[in-house]
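Comments concern the structure below.
A short reminder: the numbers here are calculations on the coordinates, not readings from a lab. As the structure is a prediction and not an experimental result, all values here were calculated from the model. Glycine also receives a Cβ, built like all others from the backbone with ideal geometry; neighbour counts cover every protein chain displayed.
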C-alpha cells in the first residue's frame with residue numbers, strides 16, 4: 001500500500017470508530033491478527049478484537065477519539081489520538097460511575113496486505129480508572 005492509501009484507510013477507521021461501526025473496524029484486521037492492550041491483555045483473531053471493541057462501546061456509549069497524528073513507515077503505522085468517554089454502561093463488570101475520562105493513546109500497528117496483523121495500544125489505564133472513579137488516588 002502507498003502512504004496515501006494507508007492514510008485514507010486510517011481516516012476511514014477513525015470515522016468508523018466514532019460511529020462505533022464494528023463491521024467496518026473488523027474489516028481492517030487480518031484473520032491471524034494480534035491485539036495487545038492494557039484493558040484486554042493479548043487477544044488473537046478478529047472475533048476477540050471485536051469483543052474488546054464491544055466491551056469498550058458498551059461501557060462508554062459516548063466514546064470518541066480525536067485524531068492527532070499518523071506516522072507511516074512502510075508497513076508500520078503509529079497513530080496518536082485522544083480518547084474520551086463517560087462510564088454510563090459499567091466498565092469491566094462494575095456499576096456505572098457516570099464519570100468521564102480523557103486519555104492520550106498511541107497505537108502501533110503492523111500491516112500486511114492492507115490489514116492490521118499486530119496492534120499494540122499504549123495509554124494510561126490506571127489514570128483512566130482514577131478519572132472514572134474506579135480507583136482512588138492519594139493526593140500528591
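What the table shows:
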read-out: Subset of region 109-123 [touching a helix residue (DSSP H, G or I) at 6+ places or on another chain (Cβ under 9 Å) and over 18 Å from residue 44 (Cβ atoms)]; value: 114
read-out: Close pairs (8 angstrom Cβ cut-off, 6 or more residues apart or separate chains): at positive phi and without any contact (Cβ under 8 Å) to a residue 60 or more places away in the chain in region 1-26, in a loop (DSSP other than H, G, I, E, B) and crowded, with 17+ Cβ neighbours inside 10 Å anywhere; value: 20/63
read-out: Some residue of region 64-72 being part of a loop (DSSP other than H, G, I, E, B), over 20 Å from residue 52 (Cβ atoms) and without any contact (Cβ under 8 Å) to a residue 12 or more places away in the chain; value: no
read-out: Test for residue 106: is it outside any strand (DSSP E or B) and out of contact with any helix residue (DSSP H, G or I) (no Cβ under 7 Å at 6 or more places or on another chain); value: no
read-out: Answer residue from region 27-50, given it is in a helix (DSSP H, G or I) and more than 12 Å from the chain's Cα centre (by Cα) and is farthest from residue 93 (Cα to Cα) among those; value: 46
